[in-house]
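Chemist: The structure follows.
Laboratory data are not the source of any read-out in this text; all were calculated from the coordinates shown. Note that the structure is a prediction, hence the values are computed from the model and not measured. Note: ideal-geometry Cβ built from the backbone for every residue, glycine included; neighbour counts use all protein chains shown.
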Amino acid sequence: MFGTREKFLYFECSACHCIQICEIPYELSEFYPEGYFSLNLPSPNIFKKYIKRKCFQHSAGNHNLLGKFISSKKGNASFNVWLKHLRINFNSSILDAGSG
Ligand SMILES: [Zn+2]
């Protein structure tokens, strides 16, 4: 991302085929300098967060009027559509890797 041209070794897990770095650099702050985009995201507006939650709940099968209304006006967020097929709920554990 910063064009350092450093090289890192990775390995592939033989069980699940995920790719992992072999040795985590000692000083990670070098790779996340001040101003790194995901460290400076504004905290979400509590009202917007509530609306998003209601929309997700609605699309995940926990139907509610507010989620239904907003979804009918704005449409479903794309991740709501594919999360729906995973049969997960708000108690499910999700690994969110490398999303920033
Ligand atoms: Zn594995």
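Chemist: Contour minus end-to-end for LEU28 and LYS52, with contour as 0.36 nm per residue of separation and end-to-end as the Cα-Cα distance?
Modeler: On the way: separation 24, 0.36 × 24 = 8.64 nm, distance 3.25 nm.
Extra length available between LEU28 and LYS52 comes to 5.4 nm.
Chemist: What nm value, rounded to one decimal, do you get for the distance between ASN64 and LEU86 when each label is placed 7 Å out toward the C-beta?
Modeler: 2.0
Chemist: Can you show me the helix-derived [θ] at 222 nm for the chain, built from DSSP H runs with n ≥ 4 at -39,500 (n - 2.57) apiece and divided by the number of residues, rounded to the nearest 500.
Modeler: -9000 deg cm²/dmol
Chemist: At ASP96 and ARG5, where each label point lies 7 Å from the Cα along Cα→Cβ, what is the point-to-point distance in nanometres?
Modeler: For ASP96 paired with ARG5, the spin-label model returns 3.6 nm.
Chemist: For the chain, what is the charge dipole size about the Cα centre, in debye to the nearest 20, if Lys and Arg each add +1 at the Cβ and Asp and Glu each add -1 at the Cβ? Write out the running numbers ahead of the final one.
Modeler: Values: 12 positive and 7 negative charges, 230 e Å.
Roughly 1100 debye, rounded to the nearest 20.
Chemist: Enumerate the aspartates and glutamates that LYS84 could reach by cross-link, defined here as Cα to Cα under 18 Å, with residues fewer than 8 away along the same chain left out.
Modeler: LYS84 reaches ASP96.
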